[in-house]
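Participant: Just passing along the structure, written as structure tokens.
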């Protein structure tokens, strides 16, 4: 019998440095809203916000 995964949990994604840099650039240089960029990239808004704050 296989254990079921909790609903709503996604496996943790790994993002490379180039991906992070491009996402940060969309927000900081292109002036796009963090929420829309995160949705377009299929990632958490909180994670992208953290990247932007630490950049």
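The values are calculated or read from the model by the stated rules, or taken from the named source; none is laboratory data. Quantities reported herein were computed from a predicted structural model and do not represent experimental measurements. In this analysis, Cβ positions are derived from the backbone assuming ideal geometry, glycine residues included, and neighbour counts consider all displayed protein chains.
Participant: Only residues that are assigned to a helix (DSSP H, G or I) and closer than 17 Å to residue 14 by Cβ: list them for region 38-55, please.
Facilitator: As a first pass, look at region 38-55 and keep what is assigned to a helix (DSSP H, G or I): 38-41, 45-54.
Selection gives 38, 41, 46, 47, 48, 50, 51.
Participant: Right, something else. Quick test for you: out of 13, 38, 3, 55, pick the one residue that is modelled with pLDDT under 95 and touching a helix residue (DSSP H, G or I) at 6+ places or on another chain (Cβ under 8 Å).
Facilitator: Among 13, 38, 3, 55, only 55 is modelled with pLDDT under 95 and touching a helix residue (DSSP H, G or I) at 6+ places or on another chain (Cβ under 8 Å).
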